[in-house]
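Report on the structure given below.
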Amino acid sequence: MERIPNTAFRGLKQQPLTQLLYGLLAVMCFVVTKSFLLTCCLPIFLMGMRYYFSRKVILHYLDCALHTDMSDIEQYYMKPPGSCFWVAVLDGNVVGIVAARGNEEDNTVELRRMSVDSNYRGKGIAKALGRKVLEFAMLNNYSSVVLGTTAVKMAAHKLYESLGFKHVGVVEHYALPGMTRSLLERMFFQVRYHRYRLQLREE
């Protein structure tokens, strides 16, 4: 749920073309209305629309996740060979999760669903979970570990880099599951999809 304000507000810093568009809209608003009040109110309206569409898309994405792999963790991650799922428990509470999904075609493991309760961050839990996936990949003789993230906060990217991952590409205007790609949605919701790779051994 914290992705909603992060994507709506923090994410705007990574979208210079969108910032330019919003600036042009403000100029047009003043030219057409000659009203300082309406022009000053426009950024509030635009941020409100960003929050609305971020909430709409991310809630739909969460619903998709809860009706696919996260609806049956055992079936998706524990039974298939080359896949696994871990939870971090502290004081009897589940405070973090991570999954690994093997791909035999290119001999890679995908690190998926990494998440740590915001109340327990900064304790090394995410790094410990990440290392579990790397250990799993090495024990099962995979050649590399890959992951993709739409995280806006730099802390997530620094975590992956601290584990040895290299940034290998970014997809602008990435479409999350459930997005309609309507004009309004594209105007008020944008995410970048960053791809990382950690080579464990040469094929």
| Percent RCO, i.e. relative contact order, over region 50-126, from Cα pairs under 8 Å lying at least 6 residues apart | 18 percent
| Around Ser144, which amide H atoms from residues at least 5 apart in sequence, or from another chain, sit under 5 Å from its own amide H, with H modelled in the peptide plane? | Val109, Leu200
| field | At 1.567 mPa s and 4 °C, Stokes diffusion of region 1-111 via Kirkwood alpha-carbon radius, µm² per second | value | 73 µm²/s
| remark: Once Lys and Arg are counted +1 and Asp and Glu -1 for all other residues with Cβ under 15 Å from that of Gln75, the total becomes +1
| Sites Lys123 and Glu202, calculated FRET efficiency, Cβ-Cβ separation with R0 41 Å, nearest 0.05 | 0.75
| Summing Lys, Arg as +1 and Asp, Glu as -1, what charge do residues with Cβ under 11 Å from the Cβ of Val168 carry, Val168 excluded? | +3
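Can you tell me how much longer the chain between Leu38 and Glu135 gets when fully stretched, taken as 0.36 nm per residue apart minus their C-alpha distance, in nm with one decimal?
Taking 0.36 nm per residue and subtracting the Cα distance, the gain is 29.2 nm.
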| said: I'd like the Karplus ³J(HN,Hα) series for region 10-19: coefficients 6.51, -1.76, 1.60, θ = phi - 60°, whole numbers in Hz, and an x wherever there's a Gly or Pro. | reply: 4, x, 5, 4, 8, 10, x, 5, 5, 4
| note | If one builds a Gaussian network model of the chain from Cα atoms under 10 Å apart, the most fluctuating residue listed among Cys40, Cys64, Cys84 is Cys40
| query | With N residues in the chain, what two-decimal value do you get for its Cα radius of gyration over 2.2 N^0.38 Å? | reply | 1.21
| request: Return the long-range amide H neighbours of Gln190 (sequence gap of 5 or more, or a different chain), with a cut-off of under 5 Å between placed amide H atoms. | output: none
| request: State the dimensionless ratio Rg/Rh of region 132-182 (Rg: radius of gyration of Cα atoms; Rh: Kirkwood radius). | output: 1.07
| note | For the table Lys79/Lys158; Lys13/Lys123; Lys123/Lys158, the rows whose alpha-carbon distance is greater than 21 Å are Lys79/Lys158; Lys13/Lys123
| aspartates and glutamates whose Cα lies under 15 Å from that of Lys166, excluding same-chain neighbours fewer than 8 positions away | Glu110
| request: For region 102-111, just list the computed ³J(HN,Hα) in residue order, Karplus coefficients 6.51, -1.76 and 1.60, θ = phi - 60°, integers in Hz, with x standing in for Gly and Pro. | output: x, 10, 5, 4, 10, 6, 10, 10, 9, 7
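Values quoted throughout were computed directly from the atomic coordinates according to the rules given, and no laboratory measurement underlies them. Predicted, not measured: the structure shown is a model, and the values here were computed from it. Don't worry about glycine lacking a Cβ; one is built from the backbone with ideal geometry, like all the others, and counts go over all protein chains shown.
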